[in-house]
1. Determine, yes or no, whether Q27 is farther than 23 Å from K11 by Cβ, of a type in the set (S, T, N, Q) and within 12 Å of the chain's Cα centre (by Cα).
2. Applying the selection to the range 53-88, what residues are charged (D, E, K, R), assigned to a loop (DSSP other than H, G, I, E, B), open to solvent by 40 Å² or more (accessible area, probe 1.4 Å) and more than 24 Å from K11 (Cβ to Cβ)?
3. Is it the case, given these coordinates, that K12 is part of a loop (DSSP other than H, G, I, E, B), in contact (Cβ under 8 Å) with a residue 60 or more places away in the chain and either open to solvent by 50 Å² or more (accessible area, probe 1.4 Å) or touching a Gly at 6+ places or on another chain (Cβ under 9 Å) (or both)?
4. Could you tell me which of the residues L43, L31 is in contact (Cβ under 8 Å) with a residue 24 or more places away in the chain, in a strand (DSSP E or B) and out of contact with any Ser or Thr (no Cβ under 8 Å at 6 or more places or on another chain)?
5. If F50 satisfies every condition in (1) open to solvent by 60 Å² or more (accessible area, probe 1.4 Å); (2) within 21 Å of K12 (Cβ to Cβ); (3) in a strand (DSSP E or B); (4) touching a residue at least 12 places away in the same chain (Cβ under 8 Å) but one, which is the exception?
Amino acid sequence: MAEFDLDRCFKKAELIPAVVQDVHSKQVLMLAYMNRESLQKTLETGYTWFFSRSRQKLWKKGESSGHVQKVVALYGDCDDDTLLVLVEQTGPACHTGSVSCFFNKIV
């Protein structure tokens, strides 16, 4: 992936939200958080890496399940504090087995 200035994303906080969307269906698959290291690994490998707030460590999406996310495009928002990650998803994105983590309709 192309060279990117990571500093611009981490001026306000050490963690930034990353919205993950299926590049083909446009369905929002999940929301996770990235720190500098996970974003760097994502850019280097072409697959999504995140920072787990509960476990306080890096994790590669699909590391244990095999349901990996190949990055097709990565966008920063207008404030440089949120990412949109377009991916080719292998298998379900949610740890529950659902295609998307957003399946609990509220209204």
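1. Answer is no for this residue.
2. R55, E63, listed by residue number.
3. Taking the combined requirement at face value, the residue satisfies it.
4. Result: L31 is the single residue among L43, L31 that is in contact (Cβ under 8 Å) with a residue 24 or more places away in the chain, in a strand (DSSP E or B) and out of contact with any Ser or Thr (no Cβ under 8 Å at 6 or more places or on another chain).
5. It is condition (1) that F50 fails.
The values are calculated or read from the model by the stated rules, or taken from the named source; none is laboratory data. All values reported here derive from a predicted model rather than from experimental measurement. Don't worry about glycine lacking a Cβ; one is built from the backbone with ideal geometry, like all the others, and counts go over all protein chains shown. Protein only, heavy atoms only, side chains kept; ligands, DNA and RNA dropped before computing areas. Shrake-Rupley method; radii C 1.70, N 1.55, O 1.52, S 1.80 Å.
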